[in-house]
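Encoded as structure tokens, the structure appears first; notes follow it.
Values in this text are rule-based calculations from the coordinates and carry no lab data. Because the structure is a prediction, the values reported are computed rather than measured. Cβ sites come from the backbone with ideal geometry, for glycine too, and all protein chains shown count toward neighbours.
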Amino acid sequence: MTTLLKRCILAADLLLGMNSLHAADGGHRGTVLFDRDWKFHLGNENNAQDPAYNDAGWRKLDLPHDWSIEGAFSKDAPATTGGGALPGGIGWYRKTFTLPAADQDKSIAIDFDGVYMNSEVWINGHYLGKRPYGYSSFEYLITPYLHYGATPNVMAVKVNNDQQPNSRWYSGSGIYRHVWLTIAPKVHVGHWGTHIATPEVSTQQATVVMHTILRNEDEQAKTVSLTTTLLDESNKPVAAKTQQQQVPAGDSITVSTTFTVKAPRLWSVDRPYRYTAQSVVTAAGQNADTYKTPFGIRYFKFDVNKGFSLNGKPLKILGVCNHHDLGSLGAAVNDRALQRQLELLKDMGCNAIRTSHNPPAPELLDLCDKMGFIVMDESFDIWKHAKTTYDYHLYWDEWHARDLQDMLRRDRNHPSIIIWSVGNEVWEQGEDNGPGIIRELRALVRAMDTTRPISTANNGVDKGNKLINSGALDLTGTNYHESMLDTIQQMFPGKPYIGTENTSALETRGFYDMPADSIRRWPLDKGAPGHMNEDLTCSAYDNVSAPWGATHEEAWKIIKRHDYMSGMFVWTGFDYLGEPTPYDWPAHSSYFGIIDLAGIPKDVYYMYQSEWTNKTVLHLLPHWNWAGRDSVDVWAYYSNADAVELYVNGHSAGVRSKKGDELHVSWKVAYQPGELKAVSRKDGKVVRTEVIRTAGAPAKLVLVADRNKLQASGTDLSFVTVRVEDKDGNLVPDADNLVHFSLTNNGFLAGVDNGNPVSLEPFKTSERKAFHGKCMAIVQARPQAGKIVLTATAEGMAPASVSLEVR
Ligand code: GAL
């Protein structure tokens, strides 16, 4: 089903807040969000799939839900610190609902966007099936097993994430993505039943090829009429066609057609223009099914010498890799949290996302289509050869073809997707079965999409890489090995190049190790010389990286240097749960993010902003509280200026300009408390001024909400940053005060965090320590209009409040 359609109906469902579903209006398809009013039990239960099972004692909740994020961190968690040190286990979900008698002649299906993992689903005691892979979306047709009228239906879902470790990062546990119920006429567009491609595009016209699956669940063959209309952004038809077909009973057929769109508006990262294909299915003159597929018209090329271009214009791919968790919200998907991540990244100049290392939530792809991000959509981190004891290798033989095909079917209409990645750093790069597997995966992809290049993300950067040598990849995609990248084209000639994963720098927001220009590559073994700081901090001067990676500046300089490099995907945009690197307890979340786990940018965010956008940037680091230090390294990232002058208490410490490929300027200055001021100038005129003052004792809290107006959808969020300031309004850079939150009834705290990878404080509570002067409270609005007042208090400090309007 298309997410556009889902959205319209989502609003209706929320307004009605219903548990009893309405008949599909006038025979039209109805898709309702099926997230509300589930029962949950943590632990295994006998016979919980039985409709007669008594779940009265179970917890009531709404999906999406991740039970792991509600648990306590533990050194002994089977997931290990690599998996986030949170609990897994077995969980059961049940939902009881009724259907009106009028729906008896309909086709009814249930769609799960993602359940981690090993889900098994029953309807009214009938077993529907199992899906081991926690990132796949799937549908069950449930028509034959349903009751109508007063008799209730019971859906039961068992989720088994007990065998751990099964992931190299935090997975979450439960029905962590949306669930949808579709009520359609018996003859309708099949599941993910449209496929749209734009093989020929010019400014004069575009060819739009569309295949539509028509499914007939009736007991008689039907003569079906399919009318497809292409609508522009203002809903104006730009092309239309009607086709008649016979659809056999209990069967599906595919109807193909080609349209010409004159003077097409092209989809791009700057103007992500979308069309909609509206399919109306009529059988015997009635029972219309209406299905909408958003799509985009664009063309692109990966060139061996010139790199990537979109719609004929060169475009460097400025990407980040992200895992799926949303920090303190865990894996439970939330549209606004995803949107906010993309807003922060867009503001930094990022134009591409790699869905490392698995199919993402469908909402992420919708947002990338709408907001203008290029996507590398990735299927697997593991093939046959295990990376952790219980990971996907256990399911590979039986499931890989189905999981890959389902990703392709679900995702191939998204204009944002421009690369299919079928594997990340799989062991088979160096194994004899590698070429056979990659050829098979290629054939699977090509059977469903011929328009996008196929790649893998390779850390075997040598001539012996069996996947690259197989010839089955369209791009050479490499991870890390930055020191080899200047000559990578000689090693792998003839194929366009993309940095599928770069950098792996490690940073703790707000913490600085000097000298700033000495780069540390942490050995992973505890006790090894040069191992990470004892307190598990990593310097935020961009002077620490994993031994296999590079600092942000090192990696970007190389990718920037060569036109043939299509671009890069920085590991990672956001910090994520798990993979602290090194893995020493109590660290349990990553240090790789440009933005921390709480969603607060680290300093290097502004390096990218100065390089990847046209914005006028001036960012000064570190803070200016260095009592006991003689000399301090000061850096500035800047753009749209010729030079920056630094002043300490009004005295110039010198003017600096970036030379050669430098990405920042720096000074070593004698520390004196007071004022550090940077002034950037162009042609002698002041462009920007940035001031940091030595902070005094913590005196007050200041709350900054990313949005003060929320929708009464029940899921909307405001991210409220808490700043601990001195009496003069300076951020106190070492403040770690415990902040308590309280709020009025119309909202609740969805999570609290401070971005500290070693904090063992829970996320689902109403207090958080500040970390380097800041923490975050994520407020979720209930589905009623009104006002939310969030108040923050801390001992010895003036409290602060912020008012949020819910409409
Ligand atoms: C890569 C891997 C990522 C992550 C990263 C950390 O090798 O593909 O998933 O583990 O290293 O540096």
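If you rank Glu233, Glu611 by fewest surrounding Cβ atoms within 10 Å, what's the result? Working shown, then result.
Values: Glu233 11, Glu611 19.
In increasing order of surrounding Cβ atoms, one gets Glu233, Glu611.
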Stokes-Einstein translational diffusion, the chain - Kirkwood Rh over all Cα pairs, 0.890 mPa s, 25 °C, in µm²/s: 88
Helix axis angle, 434-446 relative to the chain longest principal axis, alpha carbon, degrees: 60
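Restricting to DSSP loop positions (anything but H, G, I, E, B) with no more than 12 other Cβ atoms inside 10 Å of their own Cβ, which trypsin sites (Lys or Arg not before Pro) remain in segment 353-389? Can you show the working numbers first?
On the way: sites: Arg354, Lys370, Lys384, Lys387; in loops: Lys384, Lys387.
Counting only loop positions with at most 12 other Cβ atoms within 10 Å, none of the trypsin sites (Lys or Arg not before Pro) in segment 353-389 qualifies.
Sorted by mean Cβ packing within 10 Å, highest first, what order do the peptides 137-144, 473-480 take?
Details: 137-144: 18.0, 473-480: 23.6.
Sorting 137-144, 473-480 by mean packing, highest first, produces 473-480, 137-144.
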Rounded to the nearest 20 debye, dipole of the chain from Cβ charges on Lys, Arg, Asp, Glu: 2060
Antiparallel %, DSSP beta bridges [both residues in segment 457-613], to 5: 20
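Net charge around Leu760, counting only other residues with Cβ within less than 11 Å of its Cβ (Lys, Arg = +1; Asp, Glu = -1)? Intermediate results must be reported in sequence, preceding the final value.
Numbers: positive: Lys75, Lys769; negative: Glu761.
That sum, taken over residues with Cβ under 11 Å, equals +1.
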DSSP bridge orientation in segment 275-392 - percent antiparallel, rounded to nearest 5: 70
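Classify segment 153-225 as rounded, prolate or oblate, taking a ≥ b ≥ c as the square roots of the eigenvalues of its Cα gyration tensor: rounded when a/c is under 1.5, otherwise prolate if a/b is larger than b/c and oblate if not. Show your work: numbers first, answer last.
Numbers: a/c = 3.81, a/b = 1.40, b/c = 2.72.
Oblate is the answer for segment 153-225, as a/c is 1.5 or above yet b/c matches or exceeds a/b.
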Residue-count net charge about Asn413 - beta-carbon cut-off 13 Å; Lys, Arg +1, Asp, Glu -1: +2
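Based on the alpha carbons, how large is the Rg to Rh ratio for segment 473-551 when Rh follows Kirkwood?
Numbers: Rg = 15.5 Å, Rh = 14.1 Å.
Rounded to two decimals, Rg/Rh equals 1.10.
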Segment 393-491 shape via C-alpha gyration tensor axes, a/c threshold 1.5: oblate
Around Val426: net Lys/Arg minus Asp/Glu count, Cβ-Cβ under 12 Å: -3
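Ranking request for peptides 75-86, 641-652, 46-57: highest mean number of other beta-carbon atoms within 10 Å first, then the rest in descending order.
Values: 75-86: 21.3, 641-652: 16.4, 46-57: 12.9.
Ranking, from highest mean packing down: 75-86, 641-652, 46-57.
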The chain: angle of helix 335-348 to the longest principal axis, Cα-based, in degrees nearest 10: 40
Spatially proximal lysines relative to Lys769 (Cα-Cα < 17 Å; intrachain offsets below 8 disregarded): Lys700
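Let a ≥ b ≥ c be the square roots of the eigenvalues of the Cα gyration tensor of segment 724-786; is it rounded (a/c under 1.5), or, if not, prolate (a/b larger than b/c) or oblate?
On the way: a/c = 3.01, a/b = 1.58, b/c = 1.90.
Oblate, because a/c is 1.5 or more while a/b does not exceed b/c.
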DSSP-loop trypsin sites (Lys or Arg not before Pro) across segment 214-319, with at most 13 other Cβ within 10 angstrom: Lys306
GluC sites (Glu not before Pro) within segment 715-807, DSSP loop, no more than 14 other Cβ atoms inside 10 Å: Glu795
Helix-only [θ]222 nm of the chain, DSSP H runs n ≥ 4, -39500 (n - 2.57) each, per residue, nearest 500: -3500 deg cm²/dmol
Burial ranking of peptide ranges 192-205, 162-175 (average Cβ count within 10 Å, highest at the top): 162-175, 192-205
